[in-house]
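Student: The structure under discussion is supplied below as structure tokens; questions concerning it will follow.
Derivation of every value follows stated rules applied to the coordinates shown; laboratory data play no part. All of these numbers come straight from a predicted model, not from anything done at the bench. Virtual Cβ from ideal backbone geometry, glycine too; neighbours counted across all protein chains shown.
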Ligand code: DGJ
């Protein structure tokens with residue numbers, strides 16, 4: 001089909017189609033993204049009429065409105081503009097960017113129709129009059145997600161004041177319910193739902209980190225969508241710092257899912273030929289929430305930084321000792337850890353100069369000789385002699401006002417004006433955009449990693465970066481560059497120390513995002529390790545992240561965040577679904593607890609290959625007081641499932657227990673994995689004694705009678721192909 005002056009480009013994989021049209025107006029816009037349409041047929045081509053044909057006097061633009069991927073106001077679009085900015089005299093605020101060239105995988109595409117596989121498209125758009133060039137990159141990933149990023153360049157001499165750069169994709173009006181997340185310290189990723197109505201549902205993050213209340217994934221779908229039903233569209237904005245994401249519906253029948261840069265006033269003033277790069281936008285879709293999560297998981301698994309499934313079982317000493325470091329105690333913990341089969345031992349906060357509590361020391365990354373007279377050598381050597389890896393905690397972006405560093409360089413503290421920001425956890429943020437500051441932090445970390453052959457860094461970030469101004473620039477915001485500088489240190493350390501792993505921790509889960517996943521191998525989900533809370537925290541964090549990058553620990557019986565008490569089986573079963581670890585003063589554990597714990601560690605090690613490479617499935621059982629979380633191995637030979645009682649059911653015997661995700665044709669034997677005492681209050685259906693054998697289809701659609709047990713207990717099941 002002839003499409004003069006136009007490009008019609010169809011990227012598709014087995015999972016996803018992305019159909020883009022660049023018409024005579026030069027605006028790249030998406031006609032369809034979602035389920036695969038198969039090879040492109042000519043009738044998919046959109047012949048855009050130049051003029052709206054009116055049968056009556058109405059009131060709409062005379063050319064059909066299509067704002068495009070980088071929504072443009074001049075098209076008549078009344079919603080969020082893609083580019084927000086202007087020149088000093090107030091001009092160039094509504095640029096008319098026209099596509100001049102399109103590349104696919106580096107090769108120039110001629111006008112016409114193109115039916116292509118997964119890969120990268122590059123659109124070059126120019127507005128000479130406004131003096132702006134936008135380069136939009138769009139990738140269709142093999143795993144089914146779509147990524148988009150825009151680079152804006154000022155091609156004139158005069159400065160361009162940029163206040164926002166966002167992109168958007170259309171979603172059908174039938175996607176009329178939003179699901180996204182909020183939270184607070186210790187309770188991240190709390191789901192919230194609301195109807196899509198006319199206007200903008202805008203989520204803005206200006207904490208310098210995504211935050212406890214991060215959107216994480218902004219989803220919309222047909223009202224009532226569940227883990228497996230209803231077409232769902234999702235967006236994650238990957239910035240590591242500030243960002244925005246929105247669902248916008250305008251009367252007239254258009255609805256967009258978009259997001260991008262959130263810039264502080266004056267943060268980005270582009271000089272001649274200077275550029276600003278938006279965060280990466282990651283889009284997924286699928287029938288239900290599980291299908292919409294899998295493309296994100298596949299993307300992370302394909303990253304160069306991905307850790308793979310052989311996650312070493314960890315012991316972190318934080319909840320055992322806090323700031324109270326003593327060699328004898330840390331050695332006793334290491335001995336017990338090794339007996340249990342732990343493979344990585346981590347010394348947390350409290351080892352550096354003056355760090356006896358949270359009021360001092362950040363920035364002075366030197367081993368404190370008053371606590372560690374012989375340095376960290378004795379503990380590191382002991383840990384290694386037990387065959388474990390060694391990890392160490394840092395908080396590189398931070399500085400305590402009470403530190404040698406702050407006393408020497410008060411001008412290195414971020415501040416938007418004459419005064420330092422309010423303290424937060426008694427600390428300030430170090431301006432890493434100052435080359436000397438960045439170098440000093442890197443040098444001190446590099447020295448310790450080299451000296452002690454550190455295998456793993458827990459990289460913490462315990463406060464919001466508010467008032468992120470550079471003192472030397474009169475307080476002008478450096479919010480975005482600050483994040484980039486931290487990532488640069490991470491990359492440099494990893495490049496110089498092959499095999500070094502970094503965990504992104506931010507008082508728990510305040511910095512979980514896909515930009516960070518390009519630099520870090522692990523994310524601390526939350527400071528709350530209460531298994532009841534963790535059931536929800538992990539369930540929803542996995543809407544974005546695959547399990548192997550999520551730190552899931554077993555803590556003491558009485559939880560330090562909630563004071564609730566839980567049986568070891570509930571704590572352990574809850575921790576199996578990620579990168580498992582222990583964070584508990586094992587010197588206080590009974591022999592029986594240690595023996596049971598060793599059993600769970602061994603089970604995890606035997607099964608982590610499948611647990612951490614398969615496809616996640618989630619379900620709600622009965623009236624919602626029981627939750628199912630599972631993983632089916634990529635070859636569908638085995639499925640592991642956790643049935644957790646998260647509430648006190650109204651119905652004593654609940655519904656049926658369905659095991660989704662198995663091969664429908666194959667036969668599986670399902671049985672409980674009993675390593676501990678089993679759940680309290682168990683009323684066991686007959687099948688539980690010997691297990692049950694049936695097809696994947698039966699197990700998914702009909703299911704088995706649900707074992708009843710008391711709240712805040714869990715059971716583990718295995719379904720193995722016969
Ligand atoms: C916050 C982290 O999330 C904790 O795990 C611990 O590392 C503390 N910081 C140490 O200060």
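Student: Assuming R0 = 56 Å, can you tell me the calculated FRET efficiency for the pair residue 491 and residue 665, based on Cβ-Cβ distance, to the nearest 0.05?
Tutor: 0.75
Student: For region 217-332, what does the relative contact order come out to in percent, with C-alpha contacts under 8 Å and a separation of six or more?
Tutor: 25 percent
Student: Using 7 Å Cα-to-Cβ label points, what is the residue 697/residue 425 separation (nm, one decimal)?
Tutor: 5.3 nm
Student: From the helices alone, meaning DSSP H stretches of at least four residues, give me the mean residue ellipticity at 222 nm for the chain, per-run term -39500 (n - 2.57), in deg cm²/dmol to the nearest 500.
Tutor: About -5500 deg cm²/dmol.
Student: Just the number: Rg to Rh for region 626-711, Cα atoms, Kirkwood Rh, two decimals.
Tutor: Dividing the radius of gyration by the Kirkwood radius yields 0.95.
Student: Working only with C-alpha atoms, what are the Rg and Dmax values of region 573-618, expressed in angstrom?
Tutor: Gyration radius and largest Cα-Cα distance of region 573-618: 12.4, 37 Å.
Student: I would also like to ask the following. Using 0.36 nm per residue, how much length does the chain from residue 100 to residue 60 gain when fully extended, once their Cα-Cα distance is taken away?
Tutor: Length difference between fully extended and current span is 11.6 nm.
Student: Which of rounded, prolate or oblate describes region 237-281 when judged by the alpha-carbon gyration tensor and an a/c cut-off of 1.5?
Tutor: prolate
Student: Let me ask something additional. In Å, what Rg and Dmax follow from the Cα atoms of region 196-257?
Tutor: Expressed in Å, the Cα Rg and Dmax of region 196-257 come to 13.0, 36.
Student: Order of 514, 315 from fewest to most other C-beta atoms within 10 Å?
Tutor: 514, 315
Student: Explain nothing, just the number: relative contact order of the chain, from Cα pairs under 8 Å at least 6 residues apart, as a whole percent.
Tutor: 10 percent
Student: Semi-axes of the equivalent ellipsoid for region 375-456, please: Cα gyration tensor eigenvalues, times 5, square-rooted, ordered largest first, whole Å.
Tutor: 32, 13, 10
Student: Now a separate question. Could you work out the mean projected area of the convex hull around the alpha carbons of region 119-256, in square nanometres to one decimal?
Tutor: Its average projected convex-hull area is 10.7 nm².
Student: Okay, moving on. Averaging the inverse of every distinct alpha carbon separation and then flipping it gives the Kirkwood radius. What is it for region 665-722, in angstrom units?
Tutor: Kirkwood radius, region 665-722: 12.1 Å.
Student: Give the peptides 449-458, 663-672 in descending order of average Cβ contacts within 10 Å, highest first.
Tutor: My ranking of the peptides, most packed first, is 449-458, 663-672.
Student: Still on this structure, please answer the following. I need the fraction of alpha carbon pairs in region 519-641 separated by more than 24 Å, rounded to a whole percent.
Tutor: Percent of Cα pairs beyond 24 Å in region 519-641: 26.
Student: Normalised by the empirical 2.2 N^0.38 Å for globular proteins, what value does the Cα Rg of the chain take?
Tutor: Cα-based Rg divided by the globular estimate yields 1.00.
Student: By the gyration tensor of its Cα atoms, with a ≥ b ≥ c the square roots of the eigenvalues, what is the shape of region 134-187: rounded for a/c under 1.5, prolate for a/b over b/c, or oblate?
Tutor: Since a/c reaches 1.5 and a/b is larger than b/c, the shape of region 134-187 is classed as prolate.
Student: Determine Rg/Rh for region 575-678; Rg is computed over alpha-carbon atoms and Rh is the Kirkwood hydrodynamic estimate from the same atoms.
Tutor: For region 575-678, the value is 1.00.
Student: Quote the convex hull volume per residue of region 267-396, based on C-alpha atoms, as a whole number of Å³.
Tutor: Convex hull volume per residue, Cα atoms: 223 Å³.
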